[in-house]
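Engineer: Quick one: structure below, then a few questions.
The values are calculated or read from the model by the stated rules, or taken from the named source; none is laboratory data. This is a predicted model, so every value here is computed, not measured. Positions of Cβ are generated from backbone atoms using ideal geometry, with glycine treated the same way; all protein chains shown enter the neighbour counts.
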Amino acid sequence: MKATYGLVNRAAFVLAILCTGLLVFNMVAIPIYKEQVFRYRGTITIGGEMVILIGFVFVLIFNFVSLLWVSSRIRKTQTVRKGDRGALALGVLCLILLVGEKAMVDEIGRECLLGWEVIGEWIILYVFLAIQLLYNVVILRRVYRTFVAQRSEARA
């Protein structure tokens with residue numbers, strides 16, 4: 001049982017690092033590849049667009065896995081800590097914000113084709129992505145602390 005829990009913690013830690021890196025990459029790459037992403041829609045070419053898509057898929061997977069991880073921690077300890085409630089609420093918010101991020105990307109693409117200003121949509125998109133990044137950092141910190149505590153218990 002402890003070996004399985006350790007494997008889950010390691011996997012969660014690696015997934016948290018990977019998703020945080022991909023999210024930061026997406027935040028930087030979307031403006032760089034905006035011509036390919038928003039103007040030439042229809043096909044996704046191998047390159048930056050594909051990595052952006054993979055990044056968003058990993059963020060979705062990370063949100064589900066991290067919510068399961070937080071809820072399993074709550075069930076395991078059978079006490080709800082203040083931080084656990086906040087992490088759970090932030091995780092649910094981030095799942096909802098993923099739908100908003102998709103809608104903002106679609107709106108930016110549609111309005112770019114029409115030649116309209118999209119500054120408001122960019123601001124909303126980056127606020128949503130910043131909240132997502134905050135959640136990733138919170139979970140990464142929690143998983144790291146659990147991982148370190150588990151390793152120190154194993155050595156003792």
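Engineer: Which number in (1) at pLDDT 80 or above; (2) exposed (fewer than 13 other Cβ atoms within 10 Å of the Cβ); (3) of a type outside the set (Ser, Thr, Tyr) marks the one condition that residue 121 misses?
Structural biologist: (2)
Engineer: Here is a further query. With the condition kept exactly as written, say whether any residue in region 103-115 is of a type in the set (A, V, I, L, M, F, W, C), within 18 Å of residue 143 (Cβ to Cβ) and buried (at least 16 other Cβ atoms within 10 Å of the Cβ).
Structural biologist: no
Engineer: Whether any residue in region 76-98 is modelled with pLDDT of 85 or more and over 27 Å from residue 9 (Cβ atoms) is what I want to check.
Structural biologist: So far as region 76-98 goes, no, none of its residues is modelled with pLDDT of 85 or more and over 27 Å from residue 9 (Cβ atoms).
Engineer: Can I ask one more? Within region 76-124, track down each residue that is of a type in the set (Gly, Ala, Ser) and either within 18 Å of the chain's Cα centre (by Cα) or assigned to a helix (DSSP H, G or I) (or both).
Structural biologist: The answer is 83, 86, 87, 89, 91, 100, 103, 109, 120.
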